[in-house]
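Taking it in order: structure first as structure tokens, then the write-up.
Every number in this text was worked out from the coordinates using simple rules, so none of it is lab data. These numbers were taken from a predicted model, which means no experiment stands behind them. Neighbour counts run over all protein chains shown; Cβ positions are idealised from the backbone, glycine included.
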Amino acid sequence: MKQEKTQVVIVGGGPNGITAAHYMGLYGIDCIVLELADGVLPYPRAVGMDDEALRVLQGIGIAELAARDMISNVPLRYYNARGVCFAEVKPSTANYGWPMRNIFMQQLLETTLREQLGKHASVELRQGHEMLDLEQDAEGVTLQVRDAQGELYQLQAQYVIGADGGRSSVRKKLGIELLGLTHPRKWVVIDTANDSLDAPYTALHADPQRPFVCIYLPYQQRRWEFMLLEGEDETRMCEEAMIRDLIRGHIGEAVDQLEIIRIRAYTHNSRVAARFVQGRVALVGDAAHISPPWAGQGLNSGLRDVANVSWKLAAILQGRAAPAILASYDQERRGHATDLIALADNMGAVLGLTNPLMAGVRDWLFQAVNSVDNLRSHLLEFKFKPKATITKGLVYHERAELHEDDLVGQLFIQPSIEDSQGQRRRLDEVLGHSYAVLGYRVNPSEQLSEQTAAYWARWDTRFIQINRSRSGVGRNQPLSASGAICVEDVDNRLGEWFAKVRDCVVVVRPDRFVAAITTPERLEGVLRKLAEQLS
């Protein structure tokens, strides 16, 4: 049997797996992606992407390309039993450099991701290749694979990423249990073209007669989702004639102009794997946690997984960090992924009421909430979405007790800055792909010992001094600092952030989470603490 070796094997070539492959390529890691399907799957898939996920794609240079096929700042509306809008989510902030709500079609995103994969010489996508088995020991992971022609071969890797979906073969081969529940009601999902309905938003209709969803998509397409009621036959309900009748009930004869692209019935699950990491194997996306669609966070959660685990695997393989840091992936991601599933469950429970009396009580409660200004603002800005926060892992909290206002372990903001050439750029473009140490109006590299500076140089750490806008002596003479990159805070967003935390130095991880907040005087000790976590 033919044998091959590589550093990382990714099982699953969906958006999570291909994004992980891009990150491996970015860090120069040899990587093979095994994908059973030959081409992008045609089923109805994810349609919502948030600002955090777009930032993950920005990290591999894909966000701008992907955004060309997206509609940004799309409102989310909730309609009650009488068809009246009782709540709206319409966030306008862009704390992480991108709009908070973006509508897209997964097939287009996957095509873009795959087309761009060729820029990485160290990455190979193998379509039609199926992983049959895997075993691991202290030295690595051995996979048995069948190629597109039916030939068997052996693939040896140092690490494996399981990105092969809710029915993950990787998870099953490892014997990892998927804990949680399967919801009793199925939903039929339909993608249509030639749409002319004037409804440029996502609409969740809490109609007790039959709850349904109507989603405005790019390029004159629209998604419809209908709950299957108790006793209804799934096969019959997925017939095109039946689907057209369901849609006709909401848009009339305009349904005759629609092209039905795809129809598929889905079972909703709320499940989390007992472990995200086992030895040299890490699970990401639906292989690790499955969410109902109501919060629109399934794919977004998977991309957060990829951002968290990718830089750690690269650091281990490049000899910068100890293999033990891989365990922090589970520690850092499990809580937030689980919280988002709970949010989706609650939203689904609100939407899916079929008892008219209970639906009436729900509508009355939401009407009361909508009359309270601060609660309305809470809905409008999507503030009920749980924040990703790392309390334990590869972060260092200087305070003995955590406080609500502690921003360590949260995503760092991404405002625009001006570089030394006067060019306006997103902050991440200056941070680079490794650790970054930012000082507000101070040079964070000045007070480091030679030993500490040498250690962080091995990480390609960037030291950045943030200056106020127009703080130099002229248009072509901005402030400069020895050993640090200087940028200007053109919108004063960074000044506001540092005013909240009081200290003036922040350490940002490769995945843009805040690793520590400190002062120039304490930075040496903080960087040593972070180095200990990585060693």
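DSSP beta bridges confined to the chain are antiparallel in about 65 percent of cases.
Only Lys, Arg, Asp and Glu carry charge here, each on its Cβ (+1 for the first two, -1 for the last two); on that basis the chain has a dipole of about 740 debye about its Cα centre. Only one residue of Ala321, Gly409, Leu174 has its Cα farthest out toward the positive end of the dipole of the chain, where Lys and Arg carry +1 and Asp and Glu -1 on Cβ, and that residue is Gly409. Its Cα gyration tensor gives the stretch 120-175 an equivalent ellipsoid; the semi-axes, largest first and in whole Å, are 17, 15, 13. Just so you know, the Rg over Rh for the stretch 92-156 is 1.18, from Cα atoms, with Rh as the Kirkwood radius.
The Cα trace of the chain gives Rg and Dmax of 24.5, 76 Å, the first to one decimal, the second as a whole number.
Could you state the angle between the C-alpha long axis of helix 240-251 and the longest principal axis of the C-alpha atoms of the chain, as a value from 0 to 90 degrees rounded to the nearest 10? For 240-251 against the chain, the angle is about 80 degrees.
Along the axis of the charge dipole computed for the chain (Cβ charges of +1 for Lys and Arg, -1 for Asp and Glu, origin at the Cα centre), the listed residues Ser449, Pro293, Val507 are led at the positive end by Ser449.
The convex hull of the Cα atoms of the stretch 416-534, projected and averaged over all directions, covers 7.0 nm². Among Val89, Ile62, Gln158, which residue has its Cα furthest toward the positive end of the charge dipole of the stretch 20-161, with +1 on Lys/Arg Cβ and -1 on Asp/Glu Cβ? About the Cα centre, the residue reaching furthest to the positive side is Val89. Among Asp491, Asp69, Asp405, a tally of other beta-carbon atoms within 10 Å of each Cβ gives an order, fewest to most, of Asp405, Asp491, Asp69. Quick one: Cα centre-to-centre distance for the stretch 276-305 and the stretch 132-188, in angstrom? Spelled out, the Cα-based centre of one part sits 14 Å from the other.
At what distance in angstrom do the alpha carbon centres of the stretch 244-270 and the stretch 445-488 lie from each other? Result: 56 Å between the Cα centres.
Per-residue packing, averaged as other Cβ atoms within 10 Å, sorts the ranges 313-322, 137-146, 29-38, 297-306 into the order 297-306, 29-38, 313-322, 137-146, beginning with the highest. Note on the stretch 30-140: Cα Rg divided by 2.2 N^0.38 Å, N the number of residues, gives 1.42.
Taking only the alpha carbons of the stretch 390-457, we obtain Rg and Dmax values of 14.8, 42 Å in that order. Annotation: the residues Glu532, Glu130, Glu239, sorted from fewest to most other C-beta atoms within 10 Å of their own C-beta, follow the order Glu532, Glu239, Glu130.
Lys90: which lysines have alpha carbons under 21 Å from its alpha carbon, excluding same-chain residues fewer than 8 sequence positions away? Cα-Cα hits under 21 Å: Lys383, Lys385, Lys387.
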